[in-house]
Amino acid sequence: MATADIAVDQAAYFDWLCRLGDNCLVLGHRVSEWCGHSPVLEEDIALANTALDLIGQTQLWLGLAGEVEGKGRTADKLAYLRDAAQFRNVLLVERPNGDFGQTLMRQFLFDAWHMELLRALQKSSDPRVAEIAAKAAKEVAYHLERLADLVIRLGDGTEESRARMQKALNVLWPYTGELFMADAVDQAVVAAGIAPAPESLKAAWDRTVAEVMAEATLSLPEGTFQHRGGKAGRHTEALGFILADMQFLQRAYPGGTW
Amino acid sequence: MATADIAVDQAAYFDWLCRLGDNCLVLGHRVSEWCGHSPVLEEDIALANTALDLIGQTQLWLGLAGEVEGKGRTADKLAYLRDAAQFRNVLLVERPNGDFGQTLMRQFLFDAWHMELLRALQKSSDPRVAEIAAKAAKEVAYHLERLADLVIRLGDGTEESRARMQKALNVLWPYTGELFMADAVDQAVVAAGIAPAPESLKAAWDRTVAEVMAEATLSLPEGTFQHRGGKAGRHTEALGFILADMQFLQRAYPGGTW
Amino acid sequence: MSEQERVFQDRIDRGEKIEPKEWMPEGYRKTLIRQIGQHAHSEIVGQLPEGNWITRAPTLERKAILLAKVQDEAGHGLYLYSAAETLGVSRDELLALLHNGKMKYSSIFNYPTLNWADIGTVGWLVDGAAIMNQVQLQKTSYGPYSRAMIRICKEESFHQRQGYDILLKMCLQGTHEQKEMAQDALNRFWYPSLMMFGPSDKDSVHSAQSMQWKIKINTNDELRQKFVDQTVPQAEYLGLTIPDPNLKWNEAKGGYDFSEPDWNEFFDVINGNGPCNVERMEARVTAWEDGAWFREGLMAHAKKQDARRAAARVAAE
Amino acid sequence: MSEQERVFQDRIDRGEKIEPKEWMPEGYRKTLIRQIGQHAHSEIVGQLPEGNWITRAPTLERKAILLAKVQDEAGHGLYLYSAAETLGVSRDELLALLHNGKMKYSSIFNYPTLNWADIGTVGWLVDGAAIMNQVQLQKTSYGPYSRAMIRICKEESFHQRQGYDILLKMCLQGTHEQKEMAQDALNRFWYPSLMMFGPSDKDSVHSAQSMQWKIKINTNDELRQKFVDQTVPQAEYLGLTIPDPNLKWNEAKGGYDFSEPDWNEFFDVINGNGPCNVERMEARVTAWEDGAWFREGLMAHAKKQDARRAAARVAAE
């Protein structure tokens, strides 16, 4: 299907697809930092698997982004040859891993949103989007189920595990709001029927989070301040260091074949 | 003075100068990681100053290396456009900072060697080497004095500070031997009267270290195993990550003017 | 006003410097401690956003210059804590107040440094604004503070020139991408820099009394205007656009008209909700806590040495 | 040999599999625990050198393949700990022995991965040598171990092909620099890979009894020879040079003559003096200790749930 069939500003569409791809890429990177360092072998396996799913989704989203852009940039070129200001991921996914509890909480908060988004995207006016979303939704449904379960068990575990999970929730909370903030890029893809309005996902996310936190005996933070910027390319200081590692080989050996 | 006046294999001479420069560059990088994070303001100042001296020395040694090589590579090109396998620093300087005690101990062990080396290099057959050494020796004499004093005070401080300094000495000890191991590159510059034999610096280093550790109430480790490889370009896994950060801008923006 | 207070104010009005051991009103002392302490904290927290790029500086020379600058900042912190100590408060007390959130540092350092041009921009705008504040403080009434400011101002203007030089290179000799970085940095730092002079005079709490005591010489708005007037032509020379559609030369007032920064954001960031507030405080508190063993080790050694010297004296007698 | 032992040996000689609940000599059990445990530990420590390049993999596809591989390795660890558990030793007990240095892991993982070609080379040589060992172990006499090996071998040969594919790309389609990386990797990994088969049969302590029990099928030297014979043509195809001047085809024996690895280095590395021994153990012990709260949290929750279910049952009665 030619992109031309859908009436949407191509630059906005490209930008929006980069947001999807970059979220997966950067979160996948963070999760992969745990390889071989997690608290128990089953988690080593699960985290490698999560990262793998996210990198697979990155390939699909950034691949489509390159196609929509139409300048011959592949998923690899987009992943490896843009600097931080061109990245469009939300700030949440670039937060440092912290302790294992923060890594799990970040994943849960993201997955709960990701699931709602992918569910809605399966009805996208662009069948290529709907197709990727359908594939990713299966993976993310599993992530979400696993993470909700872990958050509940650790929240309602020992004093220490509860305290760590509560702290994780508190420090990450101000990075969740950006998931639901709309800007001109969002409005363009919403108007074209490609994507749901970001704020339309909030009620379901709130419900999932509230239910899981209640069962986990954790309290939802009361602060209303929310960071933003990632979707527009204004990141935290962490992203530059992520990219320095991620892109080293492509930057240092231009023209290499890997 | 033309290099041709000194009978030495130019490739070996270049390699040896890179060792000097890379030691300063990599250690300067490690030290600079502390900026703003040290235990007390005076140390923030002292560490920034140490890193500054080391980067200044890097410019001189790598500048001369580029001159000797004669292929138009500047100090910056050598610092920013070689990958790990081309770096020639000893493994000691790329060791992670660890706690502040390990950072100080690494600096002391290095400075004690560096001082002996620079003292001898002032009699180099190459006046350019002698000149750089004379300048650097002044700076390093100050570093060494400061570090010896700190090691003594922390060794002979609290139980905890002694334990940390002893641990620092133990973990770094197996990385000191490489400073005194000679290879064909060393033999070439020694034969040309450019540099002292690495092993000839050992007795004085041993003496300095033994005296300071005795006053610091620390015990010299008994293990004889010593790592090696850095001088030949076989590094630890740490160096690649150092270079990914250090070289990011030059790699990502070839042709930029900074 | 008591007799003592009147004599004090007369001395200030005559342009005399107040020195540490002389009598001063409690309010004067407290205001100075707050102001000098906050300034000292700003210097040490200010190491963090710039330190963030030391390991990634693009040339050895730039790395050396940045190291020297961060070193100077720590040095300024040292002078300022010393000046505050002459008012009867120790550095450790001030740091404890910083760490528990009861004292502030300049909010500008709650913004991240995201590309190398930020390092140039921090030098150009942030140091530029700081100097604008500090130049007037060279004439402040409290002697140790005034002398610290004279020393600091000299180094700061050096830093500002170095920052501007980074941008000169990137904008006039650099690639298109480098110039984009510079514009991006200016877009992000412009309004936060204007905020550095504090809220408009009409909303500023402490201003009137501080000016009477000559703890402060110019008003916030005067300094902000001066800063804008100085900065706009510099931006033009770089070929960069100030992110303010309302910016316009006003012939009548002999200065630029410009948009106010978003003061809600200002108070939000002061109250902890800036991009990096949590990280900055965490970095400082972690440095302090992780370094406890180091400080204790040195103190224990000093005590041992004292005891040894005392014992040696006794033995010698 | 007791009657029971003779019956046992007869079963093995007939090619029967020994199953968990059946009688077995203490030495057989101990040898198996040591061997399976060491193998399991190798899988989990083996995550580290490869994990070291996941964040720097040069393409998304290579990153995905490497993630899948490291995931498989952790999975192999899981099968093997389960196989060991059938012999009456728990995973936690085995991990405690690893962490306190009383059990080993394959020494190859004490070598660092220094460039991307190392990831290819680890797949090609290290997995290649591992498969050579493991293929024979599919026929091992202990049932659960044999079955774990069958499963593992399938995945490992997949990994080996993927590793070789990295090198094919770098050597046959890559730049001069990339081929240099590959040669550098081969230079560093060749002898450590030969060491993976253990010392020469004449110096190998446990070999004879292990072979009688069919815990081991081929001798170290047989396997090493097979490995060299398989690998040399593969290196030639890549255009790489095996770092052994004595390497030569021997028509008479139908295999290559080659230099022995430096066995002093082998024993040195086993005894803790390899390039990465300290880092590897530190990484594993830190992961374990930092994760204690996580494991305890999950256990506490499981207990609470049990108690709740029990209470619900009582209430329902």
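Miscellaneous remarks
- For B:Ala182: the one exception among (1) touching a helix residue (DSSP H, G or I) at 6+ places or on another chain (Cβ under 6 Å); (2) within 19 Å of C:Trp293 (Cα to Cα); (3) surrounded by fewer than 16 Cβ atoms within 10 Å (Cβ to Cβ): (2)
- Within segment C:52-67, the set of residues being within 19 Å of B:Thr74 (Cβ to Cβ), outside any helix (DSSP H, G or I) and more than 7 Å from chain B (Cβ to nearest Cβ) comprises just one member, C:Ala57.
- Verdict on B:Ala197 being touching an Asp or Glu at 6+ places or on another chain (Cβ under 8 Å) and at pLDDT 95 or above: yes
- Applying the criterion of being open to solvent by 10 Å² or more (accessible area, probe 1.4 Å) and among the small types (Gly, Ala, Ser) to the residues of segment A:210-232, the residue that is modelled with the lowest pLDDT is A:Gly223.
- Index of the failed condition, D:Tyr256 passing every other in (1) in a helix (DSSP H, G or I); (2) without any contact (Cβ under 8 Å) to a residue 60 or more places away in the chain; (3) touching a Leu at 6+ places or on another chain (Cβ under 7 Å): (1)
- Which numbered condition D:Ala208 misses (of (1) modelled with pLDDT of 95 or more; (2) over 29 Å from B:Glu237 (Cβ atoms); (3) over 19 Å from the mean Cα position of the chain (by Cα)): (1)
- Condition check for D:Glu43: within 14 Å of chain A (Cβ to nearest Cβ), under 30 Å from A:Leu81 (Cα atoms) and part of a helix (DSSP H, G or I): no
- Condition met for D:Glu296 (in contact with a Gly (Cβ under 8 Å, 6 or more places away or on another chain), in a helix (DSSP H, G or I) and within 14 Å of chain A (Cβ to nearest Cβ)): yes
- Residues in segment C:292-306 that are over 18 Å from B:Cys35 (Cα atoms) and open to solvent by 30 Å² or more (accessible area, probe 1.4 Å): C:Glu296, C:Leu298, C:Met299, C:Ala302, C:Lys303, C:Lys304, C:Gln305, C:Asp306.
- Test set (1) within 18 Å of A:Trp113 (Cβ to Cβ); (2) in contact with a Pro (Cβ under 9 Å, 6 or more places away or on another chain); (3) in contact (Cβ under 8 Å) with a residue 40 or more places away in the chain - A:Ser200 fails condition number: (2)
- Every residue from segment B:78-95 that is within 14 Å of chain C (Cβ to nearest Cβ) and basic (Lys, Arg): B:Arg82
- Inspection of segment C:74-91 finds a residue satisfying the criterion of being assigned to a helix (DSSP H, G or I) and of a type in the set (Phe, Trp, Tyr).
- Breaking point among (1) farther than 22 Å from D:Leu223 by Cα; (2) open to solvent by less than 20 Å² (accessible area, probe 1.4 Å), for D:Ser146: (1)
- Residues that are open to solvent by 30 Å² or more (accessible area, probe 1.4 Å) and within 14 Å of chain A (Cβ to nearest Cβ) within segment D:241-291 comprise D:Glu279, D:Met281, D:Glu282, D:Val285, D:Thr286, D:Trp288, D:Glu289, D:Asp290, listed in sequence order.
- The set of residues in segment D:31-53 that are within 30 Å of D:Arg6 (Cβ to Cβ) and open to solvent by less than 10 Å² (accessible area, probe 1.4 Å) comprises D:Leu32, D:Ile36, D:Gly37.
- Contacts under 9 angstrom Cβ, first residue in segment D:267-280 being within 15 Å of D:Leu98 (Cβ to Cβ), partner open to solvent by 50 Å² or more (accessible area, probe 1.4 Å) and among the polar types (S, T, N, Q), 6 or more apart: D:Asn277/D:Asn271
Rundown of residues vs (1) under 19 Å from D:Thr55 (Cβ atoms); (2) among the hydrophobic types (A, V, I, L, M, F, W, C); (3) buried (at least 21 other Cβ atoms within 10 Å of the Cβ), yes/no style:
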position: A:Phe14; (1), (2), (3): no, yes, yes
position: A:Ser38; (1), (2), (3): yes, no, yes
position: A:Glu43; (1), (2), (3): yes, no, yes
position: A:Pro96; (1), (2), (3): yes, no, no
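- Search result, residues across segment D:167-183 that are within 14 Å of chain A (Cβ to nearest Cβ) and either open to solvent by 10 Å² or more (accessible area, probe 1.4 Å) or outside any helix (DSSP H, G or I) (or both): D:Leu168, D:Lys169, D:Cys171, D:Leu172, D:Gln173, D:Gly174, D:Thr175, D:His176, D:Glu177, D:Lys179, D:Glu180, D:Met181
- Residue within segment B:67-75 that is surrounded by 21 or more Cβ atoms within 10 Å (Cβ to Cβ), within 14 Å of chain C (Cβ to nearest Cβ) and not in a loop (DSSP other than H, G, I, E, B) present: yes
- Taken over segment B:230-258, the criterion of being of a type in the set (Phe, Trp, Tyr) and part of a loop (DSSP other than H, G, I, E, B) is satisfied by B:Tyr253, B:Trp258.
- Where a residue in segment B:137-166 is within 11 Å of another protein chain (Cβ to nearest Cβ) and aliphatic (A, V, I, L, M) and its partner, wherever it lies, is open to solvent by 10 Å² or more (accessible area, probe 1.4 Å) and not in a helix (DSSP H, G or I), with Cβ under 7 Å and at least six apart: B:Met165/B:Leu218
- Against the test of being open to solvent by less than 20 Å² (accessible area, probe 1.4 Å) and within 29 Å of C:Asp184 (Cβ to Cβ), the options A:Leu239, A:Leu201 yield a single qualifying residue, A:Leu239.
- When each of D:Leu98, D:Leu94 is tested for being within 19 Å of D:Met149 (Cβ to Cβ), among the hydrophobic types (A, V, I, L, M, F, W, C) and modelled with pLDDT of 95 or more, the lone residue that passes is D:Leu94.
- Of the residues making up segment C:149-164, just one is aromatic (Phe, Trp, Tyr) and buried (at least 17 other Cβ atoms within 10 Å of the Cβ), namely C:Tyr164.
- Selection count where residues are of a type in the set (S, T, N, Q) and open to solvent by less than 10 Å² (accessible area, probe 1.4 Å), scope segment B:51-66: 2
Here is a yes/no grid of residues against (1) open to solvent by 10 Å² or more (accessible area, probe 1.4 Å); (2) under 28 Å from C:Lys139 (Cα atoms):
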| site | (1), (2) |
| --- | --- |
| C:Arg29 | yes, yes |
| C:Lys63 | no, no |
| C:His76 | no, yes |
| C:Ala84 | no, yes |
| C:Ser90 | yes, yes |
| C:Ala96 | yes, no |
| C:Ser107 | yes, yes |
| C:Tyr111 | yes, no |
| C:Trp116 | no, no |
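The values are calculated or read from the model by the stated rules, or taken from the named source; none is laboratory data. No experiment lies behind these values; they were computed from the predicted model shown. Using ideal geometry, Cβ is built from the backbone for each residue, glycine included, and neighbour counts are taken over all protein chains shown. To get the accessible areas, we keep the full protein, side chains included, count just its heavy atoms, and leave off ligands, DNA and RNA. Shrake-Rupley method; radii C 1.70, N 1.55, O 1.52, S 1.80 Å.
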